[in-house]
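The structure under discussion appears below in the form of structure tokens.
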Amino acid sequence: MSFGEQLSTLFDTYNVLGAFWVNVQLTFWAAIGSFIIGSVLALMRISPVPSLQFIGTAYVHIFRNTPLTILMTMAILGVWTQFQLQLVSDFKANFFIYAVIVLAIYHAAFVCEAIRSGINTVPVGQAEAARAIGLGFFPAARHIIFPQALRGSITPLGNTLIALAKNTTVATVASVAEASGMMKSMIEFNSDLIFVIFLIFAMGFVVIVVPIGILTTWASRKLAVKR
Amino acid sequence: MNEALVQLKSVNKHYGSLHVLKDINLEVGKGEVIILLGPSGSGKSTLCRTINRLETIDSGSISIDGKILPEEGKELANLRAEVGMVFQSFNLFAHKSILDNVTLGPRKVRGLSKTEAEEEAMALLRKVGVDSQAQKMPAQLSGGQQQRVAIARALAMRPKVMLFDEPTSALDPEMVNEVLDTMVNLAREGMTMIVVTHEMGFARRAADRIVFLANGEIVEQATPDEFFSNPKSDRAKDFLGKILNH
């Protein structure tokens, strides 16, 4: 079989694009979720309230230091199997949502730290000036600190997004039919085509991840705050 | 003197074991221009910053227009809005245009509409001579222009008192005067001002009273004429000797 024939055999037998599309969707929803949770965590960690700081710090340390596979297994075997917590009635959608939630919770810790590194790029004087014109903690954070911090954290946020895109493969543990799961069955049933199989999945992730890198590098230059 | 607009009573502050403000008592009347002088490390900047609580104090009290400075929260924010502050390093909001820098406070704190705030802001920018730069970003302006914008931004809150923390120390020499002229005009209009500076010419020209600090204490208070021609304390004589004889 020529290389072209091998490719077409695999693409005819399996819905490769469909599988990658699941990874893209996982990435998309988990990115939104982790960004929201991560922003709140960052706000807690810079707040003047010690108990909030503690919660933020504890969250980051717990979730950043627990392997994602273990969190995913705990969610499915623990929360779903043991506590019987069915999120939606549709069987497949239930696993998908579980996977999104776990991915969001896990990556929120990294998003928090990325935003915090961005906050460190904002000079203290900006916060002092905001307070001096009478802005309280939240208005100052919203209008002055966060907009500048986000621009300063585009690169680390991009790195987190790339890690998230690749980490969506762990959703296979939660029985979500995505690319890495499909790769496993291809290897199982078409082991003679193993090199082409690896190539497909390697290239698939290159296609997803490289644009993220290019886009965030471009955006971090374009949106940099000039001082 | 009128009744005190800013009143500090027995204010003390420590940085660890360092006693940076020692039992400071100071009253500033409405419309008065006070210049804080002193060697570096004397506590003059710290004193200036305690007045809108950018620095906390350990004991004593600070009141503005009869109201004791609250410790935190909404009331503190409201009181800060009535105290304008101009910093050494300008601290214009780097991601906002000049116009937005000046309108932010009036819109978010004073609750003005966008058009009202912009009208007022343009008038203030005209007054400090940078209205033609309104659409630019802070980094596109010279230091002198940025500092004048910072003054306009503080004035936009219609403050009762203006604090200046070494407003010309970070400027190139040729830009110092444009900022000092703006401040002199402000003083002439009757603004209450507390200024930390090393500009002796300005101190002579604009001050109603010189407050001389050394080692965290107020050593001497006098009119500019009296202070510069006939300083009473040895510490002030030494200070003036060092800066005036070169």
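The values are calculated or read from the model by the stated rules, or taken from the named source; none is laboratory data. Every value quoted in this text rests on a predicted model; they were computed, and no experiment measured them. Here the Cβ positions follow ideal geometry from the backbone for every residue, glycine too, while neighbour counts run over all protein chains shown. For the accessible areas, the whole protein counts, side chains as well, though only heavy atoms, and no ligand, DNA or RNA atoms are used. Shrake-Rupley method; radii C 1.70, N 1.55, O 1.52, S 1.80 Å.
Each residue in the range A:160-186 was checked for being open to solvent by 50 Å² or more (accessible area, probe 1.4 Å), modelled with pLDDT of 90 or more and out of contact with any Phe, Trp or Tyr (no Cβ under 8 Å at 6 or more places or on another chain), and 2 pass.
From the list A:F146, A:F95, the one residue that fits, being open to solvent by 30 Å² or more (accessible area, probe 1.4 Å) and either over 30 Å from B:V109 (Cβ atoms) or within 14 Å of another protein chain (Cβ to nearest Cβ) (or both), is A:F146.
With the condition kept exactly as written, say whether any residue in the range A:127-136 is under 21 Å from A:S220 (Cα atoms) and within 14 Å of chain B (Cβ to nearest Cβ). No: the range A:127-136 contains no residue that is under 21 Å from A:S220 (Cα atoms) and within 14 Å of chain B (Cβ to nearest Cβ). Using the structure shown, decide if A:T13 is surrounded by fewer than 20 Cβ atoms within 10 Å (Cβ to Cβ), touching a residue at least 24 places away in the same chain (Cβ under 8 Å), more than 18 Å from the chain's Cα centre (by Cα) and under 27 Å from A:A174 (Cβ atoms). Spelling it out, A:T13 is indeed surrounded by fewer than 20 Cβ atoms within 10 Å (Cβ to Cβ), touching a residue at least 24 places away in the same chain (Cβ under 8 Å), more than 18 Å from the chain's Cα centre (by Cα) and under 27 Å from A:A174 (Cβ atoms).
Checking each residue in the range B:126-143 for being open to solvent by 50 Å² or more (accessible area, probe 1.4 Å), part of a loop (DSSP other than H, G, I, E, B) and more than 13 Å from chain A (Cβ to nearest Cβ) picks out only B:Q135. Just so you know, in the range B:45-58 the residues that are in contact (Cβ under 8 Å) with a residue 40 or more places away in the chain and in a loop (DSSP other than H, G, I, E, B) include one that is most open to solvent (accessible area, probe 1.4 Å), and it is B:D58.
Taken together, B:R204, B:R209 contain a single residue that is open to solvent by 10 Å² or more (accessible area, probe 1.4 Å) and free of Cβ contacts under 8 Å to residues at least 60 places away in the same chain, which is B:R204.
Let's see how each residue does on (1) surrounded by fewer than 16 Cβ atoms within 10 Å (Cβ to Cβ); (2) under 18 Å from the mean Cα position of the chain (by Cα); (3) facing chain A (nearest Cβ under 7 Å):
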position	(1), (2), (3)
B:G60	no, no, no
B:I68	yes, no, no
B:E72	yes, no, no
B:E75	yes, no, no
B:V83	no, yes, no
B:F87	no, yes, yes
B:F90	no, yes, no
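The set of residues from the range B:147-168 being basic (K, R), within 12 Å of chain A (Cβ to nearest Cβ) and touching a helix residue (DSSP H, G or I) at 6+ places or on another chain (Cβ under 8 Å) comprises just one member, B:R153.
Scanning the range B:62-106 for residues that are at pLDDT 95 or above and among the charged types (D, E, K, R) yields B:K96, B:D100. Just checking, does the range B:156-171 include any residue being among the charged types (D, E, K, R) and surrounded by fewer than 15 Cβ atoms within 10 Å (Cβ to Cβ)? Yes, the range B:156-171 contains a residue that is among the charged types (D, E, K, R) and surrounded by fewer than 15 Cβ atoms within 10 Å (Cβ to Cβ). The single condition from (1) within 14 Å of chain B (Cβ to nearest Cβ); (2) hydroxyl-bearing (S, T, Y); (3) in contact (Cβ under 8 Å) with a residue 60 or more places away in the chain that A:S153 fails is (3). Give me a count of the residues in the range B:23-44 that are in a strand (DSSP E or B) and open to solvent by 10 Å² or more (accessible area, probe 1.4 Å). Residues that pass the stated criteria total 3. Go over the candidates B:S42, B:S59 one by one and state the one that is in contact with a Lys or Arg (Cβ under 9 Å, 6 or more places away or on another chain) and modelled with pLDDT of 90 or more. Testing whether each residue is in contact with a Lys or Arg (Cβ under 9 Å, 6 or more places away or on another chain) and modelled with pLDDT of 90 or more leaves just B:S59. Candidates are the residues of the range A:98-126 that are among the small types (G, A, S) and away from chain B (no Cβ under 14 Å); the one that is farthest from B:L54 (Cα to Cα) is A:A99. Filtering the range B:46-67 to residues that are over 18 Å from B:L5 (Cβ atoms) and among the hydroxyl-bearing types (S, T, Y) leaves B:T46, B:T56, B:S59. Given the condition free of Cβ contacts under 8 Å to residues at least 24 places away in the same chain and among the β-branched types (V, I, T), answer yes or no: does some residue in the range B:153-176 qualify? No, the conditions are met nowhere in the range B:153-176.
Table: residues versus (1) crowded, with 19+ Cβ neighbours inside 10 Å; (2) assigned to a helix (DSSP H, G or I); (3) touching a helix residue (DSSP H, G or I) at 6+ places or on another chain (Cβ under 9 Å); (4) at the interface with another protein chain (Cβ under 10 Å from one of its Cβ atoms).
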| position | (1), (2), (3), (4) |
| --- | --- |
| B:N101 | yes, yes, yes, yes |
| B:L112 | no, no, yes, no |
| B:A117 | yes, yes, yes, no |
| B:A121 | yes, yes, yes, no |
| B:L124 | yes, yes, yes, no |
| B:Q145 | yes, yes, yes, no |
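For the range B:224-246, a residue qualifies if it is closer than 25 Å to B:E189 by Cβ and open to solvent by less than 60 Å² (accessible area, probe 1.4 Å), and the qualifying residues are B:P224, B:F227, B:F228. Taken together, A:I55, A:I46, A:I115 contain a single residue that is open to solvent by 30 Å² or more (accessible area, probe 1.4 Å), under 30 Å from A:F137 (Cα atoms), touching a residue at least 12 places away in the same chain (Cβ under 8 Å) and of a type in the set (V, I, T), which is A:I46.
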